[in-house]
Amino acid sequence: MAYGPSKHRSRSQNETREPNLIPIMNLFIVIIPMLMTIMVAVHLAMIEITLPTEAAGGGGGDDPEEQLEEDLPKVITLALLPDRFEIMVEGIEDIITIPQLSAGTYDYFTLDESIARLKRNNENQGTIDLLPDPNVKFDTLLRSIDICKSNNFPNIKYLTSSTKYYKAK
């Protein structure tokens, strides 16, 4: 036996209902604070720069020629080659060569001693130039950087090897 449509059913189709905004409001209450917590804040970094107090010949009583040559930092270059380390110091023609212990095994202990000896001889030097060969493994590069930093060479300047091509006549 069939019954007729209920009064509630016929009434709900004719009347317009207001949308339920509570779920949308809850969503915004949760999303907006979460977005604010993961927002990237701008970080400011300050670099301390100490400029020389007097320029060369800028009214000081000292003659620039009186400054000893040992006080000036020398350029120290550490070359990372596939079969050895080479350390070159500006003004010294001897190149310190540290060969591998065996195939693929570098002598980091001797490199550490050599860098420490150079630091004792050049105490005012804080920069070392690093010239890695493209065929040297990344692990060798990182270990060499760690050795330089542990011996008070905080500034490491990376050099790249340049290749020149010439046109044959």
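Below are the figures for this structure:
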quantity: Members of the range 123-144 that are of a type outside the set (Ser, Thr, Tyr), farther than 16 Å from Ile98 by Cβ and not in a loop (DSSP other than H, G, I, E, B); calculated: Asp129, Phe138, Asp139, Leu142
quantity: Any chance Thr77 is surrounded by fewer than 10 Cβ atoms within 10 Å (Cβ to Cβ), at pLDDT 80 or above and polar (S, T, N, Q); calculated: no
quantity: Close pairs (9 angstrom Cβ cut-off, 6 or more residues apart or separate chains): surrounded by 16 or more Cβ atoms within 10 Å (Cβ to Cβ) in the range 118-130, at pLDDT below 90 and among the aromatic types (Phe, Trp, Tyr) anywhere; calculated: Leu118/Phe153; Lys119/Phe153; Gln125/Phe153; Ile128/Phe153; Asp129/Tyr158; Leu130/Tyr158
quantity: Residue that is nearest to the chain's Cα centre (by Cα) [pool: residues in the range 137-163 that are among the β-branched types (Val, Ile, Thr) and crowded, with 16+ Cβ neighbours inside 10 Å]; calculated: Ile145
quantity: Leading residue by the ranking (nearest to Lys137 (Cα to Cα)) among those in the range 79-101 that are in a loop (DSSP other than H, G, I, E, B) and among the β-branched types (Val, Ile, Thr); calculated: Ile95
quantity: Top-ranked residue of the range 98-114 - restricted to ones that are over 27 Å from the mean Cα position of the chain (by Cα) and of a type in the set (A, V, I, L, M), ranked as farthest from Phe85 (Cα to Cα); calculated: Ala103
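The values are calculated or read from the model by the stated rules, or taken from the named source; none is laboratory data. Because the structure is a prediction, the values reported are computed rather than measured. Here Cβ is always computed from backbone atoms with ideal geometry, including for glycine, and neighbour counts include all displayed protein chains.
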